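These notes are about the structure you will find just below.
The values are calculated or read from the model by the stated rules, or taken from the named source; none is laboratory data. These numbers were taken from a predicted model, which means no experiment stands behind them. Counting neighbours? That spans all protein chains shown, and the Cβs are built from the backbone with ideal geometry, glycine included. Quick note on the areas: whole protein, heavy atoms, side chains included, nothing else; ligands and nucleic acids left out. Shrake-Rupley method; radii C 1.70, N 1.55, O 1.52, S 1.80 Å.
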Amino acid sequence: MSRAFLIVMDGVGIGGAPDAAQFFNDRLPDTGANTLAHVARGRPLHLPVLDGLGLGAALHLASGADAPGLGALPQGLWGAATEISPGKDTPSGHWEMAGVPVPWDWTCFPDTHPCLPPAVTARIRELAGTAGILGDCHASGTQIIADLGADHLRTGWPICYSSADSVVQIAAHEGAFGLDRLIDLCRDLAPMLHAMRVGRVIARPFIGEAGGFRRTANRRDFAIAPPGRTLLDIAHQAGRVTHAIGKIGDIFSHRGITHLHKGEGDAALADHLIRLGAQAEPGSLTFANFVEFDAVYGHRRDIPGFAAHLEWFDAVAGRFLATLSPGDLAIFTADHGNDPGWPGTDHTRERVPVLGHGLGARAVGQVGFSDIGASILDHLGLPAPDHGASFL
């Protein structure tokens, strides 16, 4: 039985979203945002594997842009996908590509201080057993830990923050506050936030001392459950083995997942992907997310770092594809943009690449996010999702 692999390069957009003017960074519309093109402005990119599948062609299709170093004649399946969900966040992108467009507007918190409603902060204090909280604003996760970590150690109060996404993040020191206590706090807070249509509550543990705090790999996301059947649900219910790499389990509330594979950083996740390329069961589905494009380079607006990570991942993709067997399908895509050349620090509304290995050269044109999941299920011989049409 053929296998399928769906690999998300988190934040690697290719511009051209038709509704970009409705989404903002620092009060400026995302019109013109183009993650891949702006990364390539710094220097030509060397991406022989991804460009060989059709990355440069997909970029031009999506936005009319060309990028130095990209422009190979596509040898794989290639196209560009457009999102319809009313968000440029991780759950929206992943759910829609899995066959479930988001049917509501997410609740986001204002970029003010404080940013959280009093009822939410009261609930956090109650669950944490503290007299107050720190932060209560929009912030970069690494910066707010650097700024408030010492106050956290002194007071014992959790550090709470949000962003342009529909999210509440709570950071606490693994040793001083306690990892289990932080995770329990976020888990118990999540139902209240989910009822408000807030997409995720994220536990952000860190370690270290003042001047040297760093986040650990023990992050936990408590996401609202998808409001419909995803490709993971469909595959799992059909008796197929499903593998989730990285934060896929958290994004889908651990529904429809047989095996979860996590690690500290994309390098560890790459090891899982390459291993599963060789070892995953016949007929199985592997769904992977590589987060560092987004979390480490996009939000921090680090163009050189983003470029280097793309080239590192291209080598990983080559090693992974070498493990596949005839009949296997691997699709590389993204969930949104995070243009490091754009104002602000948030995601950008963009189209995303759709690059496939295993079916030869094939141009699929402009497709929808949901068509990705429908095509994966079609390849596996499984029932179609409620949304999307196969482009195979």
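Would you mention how many residues in segment 88-143 are closer than 30 Å to Phe391 by Cα, surrounded by 15 or more Cβ atoms within 10 Å (Cβ to Cβ) and not basic (Lys, Arg)?
15
Considering only residues that are in contact (Cβ under 8 Å) with a residue 60 or more places away in the chain and open to solvent by 10 Å² or more (accessible area, probe 1.4 Å), which ones fall in segment 167-198?
Passing the criteria: Asp188, Met192, Met196, Arg197.
Matching residues to (1) within 23 Å of Arg27 (Cβ to Cβ); (2) of a type in the set (Phe, Trp, Tyr):
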residue	(1), (2)
Arg123	no, no
Thr130	no, no
Ile133	no, no
Asp136	yes, no
Ser140	yes, no
Ala146	no, no
Leu153	no, no
Trp157	no, yes
His173	no, no
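Condition test on Gly79, is it assigned by TED's automatic domain parsing to the domain that holds Gly54, assigned to a strand (DSSP E or B) and over 30 Å from Ala139 (Cβ atoms)?
Working: assigned by TED's automatic domain parsing to the domain that holds Gly54: yes; assigned to a strand (DSSP E or B): yes; over 30 Å from Ala139 (Cβ atoms): yes.
Yes.
Only one of these is open to solvent by 20 Å² or more (accessible area, probe 1.4 Å), outside any helix (DSSP H, G or I) and within 24 Å of Gly360 (Cα to Cα): Gly13, Gly71. Name it.
Exactly one of Gly13, Gly71 is open to solvent by 20 Å² or more (accessible area, probe 1.4 Å), outside any helix (DSSP H, G or I) and within 24 Å of Gly360 (Cα to Cα), namely Gly71.
Considering Thr107, Thr35, Thr82, Thr121, which residue is touching a residue at least 40 places away in the same chain (Cβ under 8 Å), touching an Asp or Glu at 6+ places or on another chain (Cβ under 8 Å) and not aliphatic (A, V, I, L, M)? Give the steps one after another, and end with the answer.
Working: Thr107 fails: touching an Asp or Glu at 6+ places or on another chain (Cβ under 8 Å); Thr82 fails: touching an Asp or Glu at 6+ places or on another chain (Cβ under 8 Å); Thr121 fails: touching a residue at least 40 places away in the same chain (Cβ under 8 Å).
Only one candidate passes the filter, namely Thr35.
Output the residues belonging to segment 268-305 that are outside any helix (DSSP H, G or I) and either closer than 30 Å to Ile144 by Cβ or not assigned by TED's automatic domain parsing to the domain that holds Leu36 (or both).
Restricting attention to segment 268-305, the residues satisfying the condition of being outside any helix (DSSP H, G or I) are 280-291, 299-302.
Ala288, Asn289, Phe290, Val291, His299, Arg300, Arg301, Asp302 - these are the residues of segment 268-305 that are outside any helix (DSSP H, G or I) and either closer than 30 Å to Ile144 by Cβ or not assigned by TED's automatic domain parsing to the domain that holds Leu36 (or both).
Would you pick out the residues in segment 21-49 that are closer than 17 Å to Asn338 by Cβ and either touching a His at 6+ places or on another chain (Cβ under 8 Å) or among the hydrophobic types (A, V, I, L, M, F, W, C) (or both)?
Here is the first cut: in segment 21-49, the residues closer than 17 Å to Asn338 by Cβ are 23-26, 28-42, 45.
Within segment 21-49, Phe23, Phe24, Leu28, Ala33, Leu36, Ala37, Val39, Ala40, Leu45 meet the criteria.
Considering only segment 1-53, state which residues are among the charged types (D, E, K, R) and out of contact with any Leu (no Cβ under 9 Å at 6 or more places or on another chain). Explain how you work it out, then say what you get.
Pass one, segment 1-53, residues among the charged types (D, E, K, R): 3, 10, 19, 26-27, 30, 41, 43, 51.
Matches in segment 1-53: Asp10, Asp19, Asp26, Arg27, Asp30, Arg41, Arg43.
Only one of these is in contact (Cβ under 8 Å) with a residue 60 or more places away in the chain and either within 19 Å of Ala244 (Cβ to Cβ) or assigned by TED's automatic domain parsing to the domain that holds Gln143 (or both): Leu321, Leu310, Leu380. Name it.
On inspection, the qualifying residue turns out to be Leu380.
Any idea how many residues of segment 335-385 are under 16 Å from Ala20 (Cβ atoms), among the polar types (S, T, N, Q) and open to solvent by 20 Å² or more (accessible area, probe 1.4 Å)?
Qualifying residue count for the region: 1.
Only residues that are more than 17 Å from Ser370 (Cβ to Cβ) and polar (S, T, N, Q): list them for segment 229-249, please.
Scanning segment 229-249 gives Gln237, Thr242.
Output the number of residues of segment 199-253 satisfying the condition of being closer than 12 Å to Ala98 by Cβ, of a type in the set (Val, Ile, Thr) and either without any contact (Cβ under 8 Å) to a residue 40 or more places away in the chain or surrounded by fewer than 21 Cβ atoms within 10 Å (Cβ to Cβ) (or both).
0
Is it the case that Trp104 is under 18 Å from Pro226 (Cα atoms) and over 19 Å from the mean Cα position of the chain (by Cα)?
Details: under 18 Å from Pro226 (Cα atoms): yes; over 19 Å from the mean Cα position of the chain (by Cα): yes.
Taking the combined requirement at face value, the residue satisfies it.
Restricting to segment 292-303, give me the number of residues that are touching a Leu at 6+ places or on another chain (Cβ under 8 Å) and either open to solvent by 40 Å² or more (accessible area, probe 1.4 Å) or more than 11 Å from Asn338 (Cα to Cα) (or both).
Residues meeting the conditions: 0.
Asp66 - would you say it is assigned to a loop (DSSP other than H, G, I, E, B), open to solvent by 40 Å² or more (accessible area, probe 1.4 Å), of a type outside the set (S, T, N, Q) and touching a residue at least 60 places away in the same chain (Cβ under 8 Å)?
Taking the combined requirement at face value, the residue does not satisfy it.
How many residues are open to solvent by less than 10 Å² (accessible area, probe 1.4 Å) and under 21 Å from Leu260 (Cβ atoms) if we restrict to segment 314-323?
2
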